[in-house]
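Some notes on the structure that comes next.
The values are calculated or read from the model by the stated rules, or taken from the named source; none is laboratory data. Since this is a predicted model, take the numbers as computed values, not measurements. Cβ placement follows ideal geometry from the backbone for every residue including glycine, while neighbour counts extend to all protein chains displayed.
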Amino acid sequence: MSHALYPGSFDPVHRGHLDVVERASRIFDRVTVAVLENPAKNPVSTAEERVSFLQEALAEFGNVSVVRFGGLTVECAKQHGANVILRGLRAVLDFDYEVQTAMMNRHLEPRVETFFLLTKSRYAYISSSLVKQLAKFGAPLDDFVPASVAEALRRLASEGA
């Protein structure tokens, strides 16, 4: 059975992330989306909120689950029985960092492979950082994130104003 772990901060989750999960759900028997708890990154929403956003956005996929984790990705993969770490790539800039991380993960756990999946070109320019910046300045968000995430980002932006 193939089981992929898709780790990330998902702060916030955007349509590029969802594209990767949707396509991975057709490739792998199971996909576990793992939300990283890393308070040092100053997330705009809590890990619980990000899990909830992902669960709502991915509810139609019967072979996809969402969990929280802290620590090493390979440990999370082992804990959940994943034999693949899934990483989405947008552009060449992502590649260097992701290959370095994949090599370290292979060193730490040789039985877990890394699988790279290119996002669709229409999502290649979307990043969580850009979405947060758009939200901060009140720009439209619906093309980039699910409606519940857009609503939460608008609320957070108005509270911070």
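Kindly indicate the residue of the stretch 1-32 that is under 14 Å from residue 81 (Cα atoms) and part of a loop (DSSP other than H, G, I, E, B) and also modelled with the lowest pLDDT among those meeting that condition.
1
Considering only residues that are farther than 16 Å from residue 11 by Cα and of a type in the set (D, E, K, R), look in the stretch 110-147 and name the one that is surrounded by the most Cβ atoms within 10 Å (Cβ to Cβ).
Applying the filter and picking the extreme gives 113.
From the list 137, 116, exactly one residue is modelled with pLDDT of 95 or more and touching a helix residue (DSSP H, G or I) at 6+ places or on another chain (Cβ under 9 Å). Which is it?
116
Which condition number in (1) in contact (Cβ under 8 Å) with a residue 40 or more places away in the chain; (2) closer than 16 Å to residue 9 by Cα; (3) of a type in the set (Val, Ile, Thr) is the one that residue 84 fails?
Condition not satisfied by residue 84: (2).
When both residues are 6+ apart or on different chains and their Cβ atoms are under 7 Å apart, which pairs have a first residue that lies in the stretch 1-12 and is within 22 Å of residue 145 (Cβ to Cβ), and a second that is part of a loop (DSSP other than H, G, I, E, B) and at pLDDT 95 or above?
From residues that are within 22 Å of residue 145 (Cβ to Cβ), the pairs are 12/145.
Looking at the stretch 38-47, is at least one residue in a loop (DSSP other than H, G, I, E, B), surrounded by 17 or more Cβ atoms within 10 Å (Cβ to Cβ) and among the small types (Gly, Ala, Ser)?
yes
Of the numbered conditions (1) of a type in the set (Val, Ile, Thr); (2) in contact with a Lys or Arg (Cβ under 6 Å, 6 or more places away or on another chain); (3) part of a loop (DSSP other than H, G, I, E, B), residue 35 fails exactly one; give the number of that condition.
Among (1) of a type in the set (Val, Ile, Thr); (2) in contact with a Lys or Arg (Cβ under 6 Å, 6 or more places away or on another chain); (3) part of a loop (DSSP other than H, G, I, E, B), the lone unmet condition for residue 35 is (3).
Whether any residue in the stretch 46-61 is closer than 26 Å to residue 157 by Cβ, at pLDDT below 95 and hydrophobic (A, V, I, L, M, F, W, C) is what I want to check.
Looking through the stretch 46-61, at least one residue is closer than 26 Å to residue 157 by Cβ, at pLDDT below 95 and hydrophobic (A, V, I, L, M, F, W, C).
Could we say that residue 158 is modelled with pLDDT of 90 or more, hydroxyl-bearing (Ser, Thr, Tyr) and outside any strand (DSSP E or B) here?
Values: modelled with pLDDT of 90 or more: no; hydroxyl-bearing (Ser, Thr, Tyr): yes; outside any strand (DSSP E or B): yes.
No: the conditions fail for residue 158.
Run down 99, 92, 67 and say which single residue is surrounded by 15 or more Cβ atoms within 10 Å (Cβ to Cβ) and among the β-branched types (Val, Ile, Thr).
Details: 99 fails: surrounded by 15 or more Cβ atoms within 10 Å (Cβ to Cβ); 92 fails: surrounded by 15 or more Cβ atoms within 10 Å (Cβ to Cβ).
It is 67.
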